[in-house]
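Asker: Below is a structure I'd like to ask you about.
The values are calculated or read from the model by the stated rules, or taken from the named source; none is laboratory data. Quick caveat: nothing in here was measured; it's all calculated off a predicted structure. Cβ placement follows ideal geometry from the backbone for every residue including glycine, while neighbour counts extend to all protein chains displayed. Side chains are part of the model used for accessible areas, which takes the heavy atoms of the whole protein and leaves out ligands, DNA and RNA. Shrake-Rupley method; radii C 1.70, N 1.55, O 1.52, S 1.80 Å.
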Amino acid sequence: MLTAKENMIECMKGGNPDRYVNQYEAVHLLFHPYAMFSSPLLKEGDENVVNPWGITNSWPKGTPGAFPVHTPDKIVVKDIENWRDYVHAPSLDFTDEQWAICKEMYDKVDSSKAFRAAFVAPGLFEQTHHLCEIANALVYYIEDDQEMHDLLKYLTEWELKLAEGICSHLHPDMLFHHDDWGSLQSTFMSVPMFEEFLLEPYKEIYGYYHSHGVEYVVHHSDSYAATLVPAMIEMGINVFQGCMETNQVDELLKKYGTKISYMGCIENKACDFEGWTDGNCEQVVRRVCETYGMKNFIPCIAQGGPGSVYKGVYESLTRAIDKLNMEKFGVSDPAEQRLPLQIMF
């Protein structure tokens, strides 16, 4: 039986996995000093917490995560033409001791069983609308394109410095990077606009990781983004995580083959709700697995990390995939041998 990591590698290369990859079983999400020591770690119920960029965030109860508060008084960029007066990148200078604390967490992961995945969020597009407010940001991309190019260059330079620290001190073999690029039905930008603003910056960022020992890049966008898959491949993304079924993944698998893999299609709305049941979770798992297969597809809750809004749903989905693997292939990972799946703080 392949280890969870070996099985995921076979899946991603369109090889010979011996079972369905079970959600995040082979991906251990790990932090870095900026996330641990500089940026406040929010928990459900927190309100109006200001991060080092000056962005105010709240995490309402019953939702998957935090999101910026954009009342007029809390929008960081008041005037896009003078964005430099408002946007000041946080320091990325950390002590050897701080890096050592993080490195110890990476070293604890058995790299034969799971990827040591550096977790980075938010991404470039999200950061622009976190700073500006999303409706404002989308208008700026159209009407103030030079300012947005300049802002993205500034954010990219900061991300590259973060990447340098992560790669030189922590040596992950996977990057798990967030940046939501659409809604359930559509992308936030047209393909030409997306390519104009985001293609080259991401080629630079993901290219840096790939050239410094990070073999796999998993990009989270729990959205429709099928029209952006060619750009994802060009950027160096190995796995499109969070893909919704509106992406018609069966068609993407045929069109792009082994160039990119997809992780998701178990949407929260289908299983993660008040009154959820094990039976419903199993029904969703079986339908998704039977529809998309096991090569270049990883059945997984669509949200950007191991967990669920309602307690117990993620674990129920995991058990359902284990059960299906045992029925179809005679193998599954014993729960007691599975690595802890939470992000390590």
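Asker: What tally of residues in segment 249-263 results from selecting those that are β-branched (Val, Ile, Thr) and closer than 15 Å to Met8 by Cα? Talk me through it step by step, then tell me what you get.
Answerer: Taking segment 249-263 as the starting set, the residues that turn out to be β-branched (Val, Ile, Thr) are 249, 258, 260.
Filter once more, so that each one left must be closer than 15 Å to Met8 by Cα: 258, 260.
Number satisfying all stated conditions: 2.
Asker: Tally the residues that are among the small types (Gly, Ala, Ser) and either under 16 Å from the mean Cα position of the chain (by Cα) or at positive phi (or both), restricting the search to segment 227-249. Step through it out loud before you land on a result.
Answerer: From segment 227-249, those among the small types (Gly, Ala, Ser) are 231, 236, 242; that's our starting set.
Retained after the next criterion (residues that are either under 16 Å from the mean Cα position of the chain (by Cα) or at positive phi (or both)): 236, 242.
Number of matching residues: 2.
Asker: Also, I was wondering about something else. Looking only at segment 293-312, count every residue that is at positive phi and at pLDDT 95 or above and tell me the total.
Answerer: The qualifying residues number 3.
Asker: Here's a follow-up. Kindly provide the set of residues from segment 36-50 that are surrounded by 15 or more Cβ atoms within 10 Å (Cβ to Cβ) and among the hydrophobic types (A, V, I, L, M, F, W, C), ordered by number.
Answerer: Met36, Leu42, Val49
Asker: Can you confirm whether segment 202-215 contains a residue that is free of Cβ contacts under 8 Å to residues at least 12 places away in the same chain, surrounded by fewer than 18 Cβ atoms within 10 Å (Cβ to Cβ) and over 19 Å from the mean Cα position of the chain (by Cα)? Talk me through it step by step, then tell me what you get.
Answerer: Going residue by residue through segment 202-215, those that are free of Cβ contacts under 8 Å to residues at least 12 places away in the same chain are 211.
When the remaining residues are screened for being surrounded by fewer than 18 Cβ atoms within 10 Å (Cβ to Cβ), the result is 211.
Next, only the ones that are over 19 Å from the mean Cα position of the chain (by Cα) stay: 211.
Scanning segment 202-215, I find at least one residue that is free of Cβ contacts under 8 Å to residues at least 12 places away in the same chain, surrounded by fewer than 18 Cβ atoms within 10 Å (Cβ to Cβ) and over 19 Å from the mean Cα position of the chain (by Cα), so the answer is yes.
Asker: State yes or no: is Met193 more than 30 Å from Glu97 (Cα to Cα) and either assigned to a helix (DSSP H, G or I) or of a type in the set (Phe, Trp, Tyr) (or both)?
Answerer: Numbers: more than 30 Å from Glu97 (Cα to Cα): yes; either assigned to a helix (DSSP H, G or I) or of a type in the set (Phe, Trp, Tyr) (or both): yes.
Criteria met by Met193.
Asker: Further question: Can you find a residue that is among the aliphatic types (A, V, I, L, M), surrounded by 18 or more Cβ atoms within 10 Å (Cβ to Cβ) and in contact with a helix residue (DSSP H, G or I) (Cβ under 7 Å, 6 or more places away or on another chain) anywhere in segment 53-63? Don't jump to the end; show me each part of the working.
Answerer: Taking segment 53-63 as the starting set, the residues that turn out to be among the aliphatic types (A, V, I, L, M) are 55.
Next, from what is left, pick out any that are surrounded by 18 or more Cβ atoms within 10 Å (Cβ to Cβ): 55.
Next cut, in contact with a helix residue (DSSP H, G or I) (Cβ under 7 Å, 6 or more places away or on another chain) only: 55.
Yes, segment 53-63 contains at least one residue that is among the aliphatic types (A, V, I, L, M), surrounded by 18 or more Cβ atoms within 10 Å (Cβ to Cβ) and in contact with a helix residue (DSSP H, G or I) (Cβ under 7 Å, 6 or more places away or on another chain).
Asker: Among the residues of segment 171-190, is any among the acidic types (Asp, Glu), open to solvent by 10 Å² or more (accessible area, probe 1.4 Å) and in a helix (DSSP H, G or I)? Walk me through it before giving the result.
Answerer: At the first step, the residues of segment 171-190 found to be among the acidic types (Asp, Glu) are 173, 179-180.
So of that shortlist, the ones also open to solvent by 10 Å² or more (accessible area, probe 1.4 Å) come out as 173, 180.
If we keep only those that are in a helix (DSSP H, G or I) as well, we get none.
For segment 171-190, residues among the acidic types (Asp, Glu), open to solvent by 10 Å² or more (accessible area, probe 1.4 Å) and in a helix (DSSP H, G or I): absent.
Asker: On to the next question. Taking segment 178-204 only, how many residues are closer than 26 Å to Pro90 by Cα, in contact with a helix residue (DSSP H, G or I) (Cβ under 8 Å, 6 or more places away or on another chain) and of a type outside the set (A, V, I, L, M, F, W, C)?
Answerer: So the count comes out to 7.
Asker: State all residues of segment 101-124 that are assigned to a helix (DSSP H, G or I) and not aliphatic (A, V, I, L, M); if no residue qualifies, say none. Please lay out each step first, then the result.
Answerer: Narrowing segment 101-124 to residues assigned to a helix (DSSP H, G or I): 101-107, 124.
Listed by number, the residues that qualify are Cys102, Lys103, Glu104, Tyr106, Asp107.
Asker: Right, another one. Please verify whether Tyr140 is more than 23 Å from Ala226 (Cβ to Cβ) and in contact with a Cys (Cβ under 7 Å, 6 or more places away or on another chain), treating the condition exactly as stated. Outline the logic, then answer.
Answerer: On the way: more than 23 Å from Ala226 (Cβ to Cβ): yes; in contact with a Cys (Cβ under 7 Å, 6 or more places away or on another chain): yes.
Against the criterion (more than 23 Å from Ala226 (Cβ to Cβ) and in contact with a Cys (Cβ under 7 Å, 6 or more places away or on another chain)), Tyr140 qualifies.
Asker: Okay, moving on. Looking at Gln127, Gln98 in this structure, which one is more than 22 Å from the chain's Cα centre (by Cα) and part of a helix (DSSP H, G or I)?
Answerer: Details: Gln127 fails: more than 22 Å from the chain's Cα centre (by Cα).
The unique qualifying residue is Gln98.
Asker: Looking at segment 98-135, which of the residues that are of a type in the set (A, V, I, L, M) and surrounded by fewer than 17 Cβ atoms within 10 Å (Cβ to Cβ) is nearest to Val76 (Cα to Cα)? Please lay out each step first, then the result.
Answerer: Filtering segment 98-135 down to residues of a type in the set (A, V, I, L, M) leaves 100-101, 105, 109, 114, 117-118, 120-121, 124, 131, 134-135.
Retained after the next criterion (residues that are surrounded by fewer than 17 Cβ atoms within 10 Å (Cβ to Cβ)): 100-101, 134-135.
Working: Ala100: 33, Ile101: 32, Ile134: 12, Ala135: 14 Å.
Taking the candidates together, the pick is Ile134.
Asker: Considering every residue within segment 160-167, establish whether at least one is more than 19 Å from Ile75 (Cα to Cα), part of a loop (DSSP other than H, G, I, E, B), open to solvent by 10 Å² or more (accessible area, probe 1.4 Å) and not small (Gly, Ala, Ser).
Answerer: From segment 160-167, those more than 19 Å from Ile75 (Cα to Cα) are 160-167; that's our starting set.
With part of a loop (DSSP other than H, G, I, E, B) added as a condition, the list becomes none.
The answer is no, given that none of the residues of segment 160-167 is more than 19 Å from Ile75 (Cα to Cα), part of a loop (DSSP other than H, G, I, E, B), open to solvent by 10 Å² or more (accessible area, probe 1.4 Å) and not small (Gly, Ala, Ser).
Asker: Pick from segment 1-35 the residues that are free of Cβ contacts under 8 Å to residues at least 60 places away in the same chain and polar (S, T, N, Q): which of them is most open to solvent (accessible area, probe 1.4 Å)?
Answerer: Per the criteria, the residue is Asn16.
Asker: If the Cβ limit is 7 Å and pairs must be 6+ apart or interchain, which residue in segment 231-259 that is farther than 19 Å from Pro299 by Cβ and at pLDDT 95 or above pairs with which residue that is open to solvent by 10 Å² or more (accessible area, probe 1.4 Å) and among the acidic types (Asp, Glu)?
Answerer: Ala231/Glu195
Asker: Take the residues of segment 313-345 that are in a loop (DSSP other than H, G, I, E, B) and more than 25 Å from Asp180 (Cα to Cα): which is modelled with the highest pLDDT?
Answerer: First, the residues of segment 313-345 that are in a loop (DSSP other than H, G, I, E, B): 330-334, 338-343, 345.
Pick out the ones that are also more than 25 Å from Asp180 (Cα to Cα) and you get 330-334, 338-340.
On the way: Gly330: 93, Val331: 84, Ser332: 71, Asp333: 68, Pro334: 57, Arg338: 56, Leu339: 50, Pro340: 51.
Filtering segment 313-345 for residues that are in a loop (DSSP other than H, G, I, E, B) and more than 25 Å from Asp180 (Cα to Cα), the one modelled with the highest pLDDT comes out as Gly330.
Asker: Can we say Asp79 is open to solvent by 60 Å² or more (accessible area, probe 1.4 Å) and over 29 Å from Asp272 (Cα atoms)?
Answerer: On the way: open to solvent by 60 Å² or more (accessible area, probe 1.4 Å): no; over 29 Å from Asp272 (Cα atoms): yes.
For Asp79, the condition - open to solvent by 60 Å² or more (accessible area, probe 1.4 Å) and over 29 Å from Asp272 (Cα atoms) - is not met.
Asker: Would you be able to say whether some residue in segment 146-154 is open to solvent by 50 Å² or more (accessible area, probe 1.4 Å), free of Cβ contacts under 8 Å to residues at least 40 places away in the same chain, not small (Gly, Ala, Ser) and not in a loop (DSSP other than H, G, I, E, B)?
Answerer: yes
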